[in-house]
Structure formats: C-alpha cells, structure tokens
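Engineer: Would you mind keeping the following structure in view while I ask a few things?
The values are calculated or read from the model by the stated rules, or taken from the named source; none is laboratory data. Treat the numbers as computed from the prediction; the structure is a model and nothing was measured. Counting neighbours? That spans all protein chains shown, and the Cβs are built from the backbone with ideal geometry, glycine included.
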Amino acid sequence: MAAPATAQEIELLLEQWLEPEFTRVSVDDLAKDIAALPDGQRAFALDWVRRAATANIQIGHMVARHVPNMLGHMDERTIEAWILQAMDARDRDGLKPALDILRDPQRFVRLGHEHAVGAVFDDIAGIMRNFVCGLSGRALRLEQGDGVWTDGETLHLLPVTAQMESAADNFQLAKIMVTMLWAQTRFGTFRADIGAACAGFADPIRAQRAFHALETLRLEACIERELPGLAREMKRLKAATGEAANPAWTGFGEVLADASATVNDSVRLLELAYAESAPDIPWQGELRPA
Amino acid sequence: MQDVELIAPQLAQIDEEPYYHPVGDEMSLFDSAYRNRLPVLLKGPTGCGKTRFVEHMAWKLKRPLVTVACHDDLTAADLVGRYLIVGGQTVWMDGPMAAAVRAGAICYLDEIVEARKDTMVVIHPLADSRRVLPIEKRGELVQAPPGFMLVISYNPGYQSVLKELKQSTRQRFVAFEFDYPDAELEATIVSRETGVSTEIAAKLVKFAAMTRNLKGSGLDEGASTRLLVHAGTLIKDGIPAVAACRAAIAQAVTDEPEMLAAIHEMSSSIF
C-alpha cells in the first residue's frame, strides 16, 4: 500500500499514533516535514514513527521530529540502529536514557563511527599489556580511564581511541600513546618537580600544558632512537593530521632531540614555550603530576 | 657370547672450527675439566649456545663428538647398545654412549632431564672416579680412555617436579651456567653467523631483549640467540625484517594470539 502523500493525510496518522490531544504536542509541522520527503523515505519515516509510537508516544514523537532531517545525510540502516538503540534503552533502563539517545542523533553517529573504526580498550588491552611489558621489563599496569595519562605505575587509556579515520591507524595511535606513557617513566619526565616548575607562571595550567608539549617532543626523539619503526608511524600519523608546524616549537624540538637532553632542558625551555601556543599532538594525552 | 660380532660406529672428528665466541671463562674451565677427566654439566636456556660450545671444544681438543638429544623414551639400552639380528647372525650394536667411550670421544647428552630415569644407571659410573660404562647385557665393563669426556646439559627453566636432576647426579659434575650474551656480543655473533649488518643485528638483539622481558609474563622463554640467527638468515636472504621476525621468532615462541600480536608490534616498532 502506498504511503500517504499529503501533509493532511500524514497529520491524521500522526494524530492517531502520537495522541496530541493528551500530549499537547502539535503534529502539523511534523506532518509537513514528512510529506516533503521522497516516496520511499516518507514510507520509511512513517513506518518507524508508527513502530516507535507503539513502544512509547514520546519516543514516536522524537522519531517523527528527527528522522526527516536525518534522512538527508544518513543512511536508513544507521537511522534504524539509532531508533532501535533508543527502544532498547527504554526497555532496559527506562524512558529518560531513551530520550537522551533520541535528542542527540549526531552523538549516536559519532559513537557508531568510533566503535566501527576505533581501538576499543577491551579489544587491545591484552596486546598492549604484553607490548608495554616487553618495552619496560616490568609489568606496568594498563587500565581504562577518563584520559590518556600515567602516574608512573599505571598507564591509562580512553575506552575508545578514535581520532584517526581507520581502525589500523587508531590501533597505531593507541600503541603510540602507550609508548609515550612508558617513555615518561623510562626517560624521566617525573624526575622534575612539575608543579614547582609551573607555579611561577601567571597561568600554571597553561605552563603545564607547555611543559607537557616540550616533554612530548623530547620523548618523541627518545622513541625515534629506541624504536625507529614506531617513530616512522608517528611521522606518518602526524602528517595525516595535517597540523602546520610552529617555527618556535620546531626550534624547541631540535634542542630537545639531542641525545643528551633531559627533563631539565624542558624545564629550561618552559619560559619561552609558555609564550607560544602549544601544538596539538594526537598522542600527547594529559600530564597529571602527583 | 664372546663370538657375537660387535659393531662399533666409527666416529669422525670435527674438521672445521665451529664459530663460538666465549662469554666468560667457560673455555678455560672446560679445558681444565677435560684434562682432569671431570664430567661437565651445562645449564642454560635453549638456544644460548651450549651445543655450539661443546662442538667448538670438541674441535679444539681434537676429540670426536657424540651428541644425543635426550627425549622421554630414551632408555639406558638406547645409550649403551643392543643385540640385533643381521642376516641370521646375532650382532651387538654399540649405542652412542658405548661408541663414545670406546673411541675416547666427548659424549654430549643434551637436555638430560628428558631421558628416562634408568639412564642414570649408566651415567653415574661414568661420571665419577670409576669412569666405566657397564654393559649389562654383554657382561662387559668398558673403561673410559683418557680422551673420553661426559658432558650433559639441561635448562633449569623447564624443570618440574617430574623432571629435575637429582643431587646424586648433579653433584658428580663440574657445572657452569650459560646465558644469552650481552647485547654487544650477541649482535656480533648474529652478524657473524648470518652476514647481516651490525645495525640490523643490534636491532634483532634489542627485539630479543623485549621478548625476554616477557618471560614469566606470558612467555616460557624469550627469543634465543639461535632464533635471532634464523631471523638474520632470512633477512640476509631478502625477507623484510618484520616478516622475518614474525616467522622466525614470534611464531616460534608462542601460539597465543594476543602475545603473537604484541611481539609483532615490538618488531614493527624496532624495524
């Protein structure tokens, strides 16, 4: 049976499914948006509004509101997955989590992309634990956390590493992050009193970011000497991010690339680096000194 | 039984010097043990050069070498010999140990803990001041000539309650421990054995060190020097380094998928 074509016909259906006399939510604008869709998309939208409304009228209403716009830039399978996830959330956790999912379809798409190409912690943790044990000769712990950082004993990675476009690159990025965290413990980042080094600046948080960026440059050079294959991957990924090099930071990098450079050189350069905008290095993570 | 023909295999000497680079004082210790007719026990992980060392010393001392790779089913009869029927005649065929004793050779029993316990019946009298090999079935007691030397080896890392060397055995031997050489020497050995550059050899050694860090944390053993030589040989033959490391080292040390992946990531990080 052909899907209703006019806004009036669709409005009648929406009044039947979404019960506006009880919800006090107007459906005429929704009907106009759905009526403007091509035949196939219109049938798809109405089918899902009807099915969602049988589960919950508010869910049906949200589907009717978002789907016409989403069909312009998203495939139907993704939209189906989004609706089904919301309906599952309602069955499992109640209406509010379901509405949270429906209010932000872009977030669902972003998470979907992350899970499709991202390096999921649970999937890579076993490999990374062995990898870092091989690097360090001791069993550094690896845990999932709210950031990429280390206290010198435990390395923390995000639940999903997904800044890159492909699954292979995201795995490499996670591996580089783990290596950078190991390098902080191996090459002495924490031998400096970071808090004291940053305390004298007007903005100590900005100073700490600058110090961390300096240390990242120094550790990149250490990694290049120790693990040239990984350093090649770092250069490739850096090129892929396309960030233009700041001449001042290039100069800092040259100083810190010297094999004799230590964390004290990063501290020494901090005053100059503080004045510059710190580069955005994809594997830098965070510095959380004790 | 006196008219039974005895077949004793002819043992050849090693003509070409097997490459061996000393790590410590093992050569002078071995030499002294040989001159003083003391048996030797070599301890160390697999692939660290124990067998090559014995080959080198046999060449240096100009003695024939009989090597026996011990296994679960190796019996005293396998070492000493057995009667065979050949063309309707009963003949006695010396086993490798009896042949080594008669020829005054160096007899090397590799991974001795793998052998069955009854082998100790023939090892013990050879490894103390008596230096005799009892051949029970022939009613013969073969006195070892001055040139004979008994060498055994085992890997303490593989020991279990069921497979350990008893004190009554180990306390008959002069024992010295082998380990992998230091990084610089190991790279020299790998380069010399395979023909790869010292730079590639150094990277292989660094890779091996990373796998050795995993011993006890998922691996029973890290990559041995022998495996590095295998990988170096493949690289010299044109195989890309990462592929050579995967085939010659990673796949050789583990079957566990996550460990394989981690070891592969190590080699790709180094090369």
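Engineer: Six or more apart or on different chains, Cβ atoms under 8 Å: show the pairs whose first residue is in the range A:134-154 and more than 22 Å from A:Glu226 (Cα to Cα) and whose second is β-branched (Val, Ile, Thr).
Structural biologist: Hits for this filter: A:Glu143/A:Thr154.
Engineer: Can you list the strands (runs of 3 or more DSSP E) found entirely within the range B:68-171 that contain at least 3 residues being in contact (Cβ under 8 Å) with a residue 12 or more places away in the chain? Steps first, please.
Structural biologist: Numbers: elements: B:81-86, B:89-94, B:106-110, B:132-135, B:140-143, B:149-154.
Ranges flagged: B:81-86, B:89-94, B:106-110, B:132-135, B:149-154.
Engineer: Follow-up. Before we move on, is B:Ile270 within 14 Å of chain A (Cβ to nearest Cβ), crowded, with 17+ Cβ neighbours inside 10 Å and within 22 Å of the chain's Cα centre (by Cα)?
Structural biologist: Values: within 14 Å of chain A (Cβ to nearest Cβ): yes; crowded, with 17+ Cβ neighbours inside 10 Å: yes; within 22 Å of the chain's Cα centre (by Cα): no.
Judged against the criteria, B:Ile270 is not a match.
Engineer: Take the conditions out of contact with any His (no Cβ under 8 Å at 6 or more places or on another chain) and loosely packed, with under 12 Cβ neighbours inside 10 Å and apply them to A:Pro247. Does it pass? Steps first, answer last, please.
Structural biologist: Working: out of contact with any His (no Cβ under 8 Å at 6 or more places or on another chain): yes; loosely packed, with under 12 Cβ neighbours inside 10 Å: yes.
Yes, satisfied.
Engineer: Taking A:Ala139 as meeting all but one of (1) away from chain B (no Cβ under 14 Å); (2) in a loop (DSSP other than H, G, I, E, B), write down the number of the exception.
Structural biologist: A:Ala139 satisfies all of (1) away from chain B (no Cβ under 14 Å); (2) in a loop (DSSP other than H, G, I, E, B) except (1).
Engineer: Oh, and also: Between a residue in the range A:265-290 that is within 28 Å of A:Met164 (Cβ to Cβ) and any residue that is aromatic (Phe, Trp, Tyr), which pairs come within a Cβ distance under 7 Å, given they are 6 or more apart or on different chains?
Structural biologist: A:Ser266/A:Phe211; A:Ala273/A:Phe252; A:Glu276/A:Trp249; A:Pro279/A:Trp249; A:Gly285/A:Trp149; A:Glu286/A:Trp149; A:Leu287/A:Trp149; A:Arg288/A:Trp149
Engineer: Still on this structure: Within the range A:84-102, take every residue that is loosely packed, with under 13 Cβ neighbours inside 10 Å and assigned to a helix (DSSP H, G or I) and give me the one that is farthest from the other protein chains (Cβ to nearest Cβ).
Structural biologist: Narrowing the range A:84-102 to residues loosely packed, with under 13 Cβ neighbours inside 10 Å: A:91-94, A:96.
After this cut, where a residue has to be assigned to a helix (DSSP H, G or I) as well, the list is A:91-93, A:96.
Details: A:Asp91: 35, A:Arg92: 31, A:Asp93: 33, A:Lys96: 39 Å.
Residue satisfying both the conditions and the ranking: A:Lys96.
Engineer: OK, next. Among the listed residues B:Lys166, B:Lys117, B:Lys137, which satisfies the condition of being of a type in the set (Lys, Arg), out of contact with any Asp or Glu (no Cβ under 6 Å at 6 or more places or on another chain) and within 23 Å of B:Ile7 (Cβ to Cβ)?
Structural biologist: Details: B:Lys166 fails: within 23 Å of B:Ile7 (Cβ to Cβ); B:Lys117 fails: within 23 Å of B:Ile7 (Cβ to Cβ).
Exactly one of B:Lys166, B:Lys117, B:Lys137 is of a type in the set (Lys, Arg), out of contact with any Asp or Glu (no Cβ under 6 Å at 6 or more places or on another chain) and within 23 Å of B:Ile7 (Cβ to Cβ), namely B:Lys137.
Engineer: Separate question: Mind listing just one residue for me: the one in the range A:191-203 that is crowded, with 16+ Cβ neighbours inside 10 Å and of a type outside the set (Gly, Ala, Ser) and, of those, farthest from the other protein chains (Cβ to nearest Cβ)? Spell out the reasoning first.
Structural biologist: Step one: filter the range A:191-203 for residues crowded, with 16+ Cβ neighbours inside 10 Å, giving A:192, A:194, A:197-198, A:201.
Now drop any that are not of a type outside the set (Gly, Ala, Ser), which leaves A:194, A:198, A:201.
On the way: A:Ile194: 27, A:Cys198: 32, A:Phe201: 36 Å.
Looking at residues that are crowded, with 16+ Cβ neighbours inside 10 Å and of a type outside the set (Gly, Ala, Ser), I get A:Phe201.
Engineer: Another question about this same structure. Considering only the range A:250-290, state which residues are polar (S, T, N, Q), crowded, with 18+ Cβ neighbours inside 10 Å and part of a helix (DSSP H, G or I). First the steps, then the outcome.
Structural biologist: Here is the first cut: in the range A:250-290, the ones polar (S, T, N, Q) are A:250, A:260, A:262, A:264, A:266, A:277, A:284.
After this cut, where a residue has to be crowded, with 18+ Cβ neighbours inside 10 Å as well, the list is A:266, A:284.
Passing the criteria: only A:Ser266.
Engineer: Another one. Return the residue satisfying two criteria in turn: it lies in the range B:245-259 and is farther than 18 Å from B:Leu234 by Cα and assigned to a helix (DSSP H, G or I), and of such residues it is nearest to the other protein chains (Cβ to nearest Cβ). It would help to see each step written out before you state the result.
Structural biologist: Residues of the range B:245-259 farther than 18 Å from B:Leu234 by Cα: B:254-259.
Then drop every residue that is not assigned to a helix (DSSP H, G or I), which leaves B:257-259.
Numbers: B:Pro257: 9, B:Glu258: 4, B:Met259: 6 Å.
Out of the qualifying residues, it is B:Glu258.
Engineer: Can you tell me how many residues in the range A:1-32 are surrounded by fewer than 17 Cβ atoms within 10 Å (Cβ to Cβ) and within 23 Å of A:Ala86 (Cβ to Cβ)? Before you say what the answer is, go through the steps one by one.
Structural biologist: To start, the set of residues in the range A:1-32 that are surrounded by fewer than 17 Cβ atoms within 10 Å (Cβ to Cβ) comprises A:1-2, A:5-6, A:8-9, A:12, A:15-16, A:19, A:21-26, A:28-29, A:32.
The next check asks that each one be within 23 Å of A:Ala86 (Cβ to Cβ); those that pass are A:15-16, A:19, A:22-26, A:29.
Total satisfying the criteria: 9.
Engineer: Have a look at A:Arg268, A:Arg288 and point out the one that is of a type outside the set (Val, Ile, Thr), more than 14 Å from chain B (Cβ to nearest Cβ) and in contact with a strand residue (DSSP E or B) (Cβ under 6 Å, 6 or more places away or on another chain). Even if it seems obvious, please write down each step before you answer.
Structural biologist: Values: A:Arg268 fails: in contact with a strand residue (DSSP E or B) (Cβ under 6 Å, 6 or more places away or on another chain).
Within the list A:Arg268, A:Arg288, the selection yields A:Arg288.
Engineer: In the range B:220-237, what count of residues is obtained for those that are assigned to a loop (DSSP other than H, G, I, E, B) and under 21 Å from the mean Cα position of the chain (by Cα)?
Structural biologist: 5
Engineer: To continue, here is another question. Going by what's in this entry, would A:Ala116 be described as within 14 Å of chain B (Cβ to nearest Cβ), surrounded by fewer than 22 Cβ atoms within 10 Å (Cβ to Cβ) and in a helix (DSSP H, G or I)?
Structural biologist: Numbers: within 14 Å of chain B (Cβ to nearest Cβ): no; surrounded by fewer than 22 Cβ atoms within 10 Å (Cβ to Cβ): yes; in a helix (DSSP H, G or I): yes.
So A:Ala116 does not fit the description; no.
The rows are residues; the columns are (1) within 13 Å of chain A (Cβ to nearest Cβ); (2) in a helix (DSSP H, G or I).
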site	(1), (2)
B:Ala175	no, no
B:Glu186	no, yes
B:Arg192	no, yes
B:Val196	no, no
B:Ala209	yes, yes
B:Ser217	yes, no
B:Ile239	no, no
B:Ala261	yes, yes
B:Met266	yes, yes
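Engineer: On the basis of being touching a strand residue (DSSP E or B) at 6+ places or on another chain (Cβ under 6 Å) and closer than 22 Å to B:Pro64 by Cβ, does B:Ala127 make the cut?
Structural biologist: On the way: touching a strand residue (DSSP E or B) at 6+ places or on another chain (Cβ under 6 Å): yes; closer than 22 Å to B:Pro64 by Cβ: yes.
When the stated conditions are applied, B:Ala127 passes them.
Engineer: The conditions are (1) closer than 26 Å to B:Ser268 by Cα; (2) assigned to a helix (DSSP H, G or I); (3) in contact (Cβ under 8 Å) with a residue 12 or more places away in the chain, and A:Met164 fails exactly one of them. Which is it?
Structural biologist: With respect to (1) closer than 26 Å to B:Ser268 by Cα; (2) assigned to a helix (DSSP H, G or I); (3) in contact (Cβ under 8 Å) with a residue 12 or more places away in the chain, A:Met164 is out only on (2).
Engineer: So, in the range A:142-162, of the ones that are closer than 11 Å to A:Val178 by Cα and either of a type in the set (S, T, N, Q) or within 8 Å of another protein chain (Cβ to nearest Cβ) (or both), which residue ends up surrounded by the fewest Cβ atoms within 10 Å (Cβ to Cβ)?
Structural biologist: Within the range A:142-162, the match that is surrounded by the fewest Cβ atoms within 10 Å (Cβ to Cβ) is A:Thr154.
Engineer: Another question about this same structure. Can you confirm whether A:Gln106 is in the same structural domain as A:Trp82 (by TED's automatic domain parsing) and either without any contact (Cβ under 8 Å) to a residue 12 or more places away in the chain or buried (at least 21 other Cβ atoms within 10 Å of the Cβ) (or both)?
Structural biologist: It is true that A:Gln106 is in the same structural domain as A:Trp82 (by TED's automatic domain parsing) and either without any contact (Cβ under 8 Å) to a residue 12 or more places away in the chain or buried (at least 21 other Cβ atoms within 10 Å of the Cβ) (or both).
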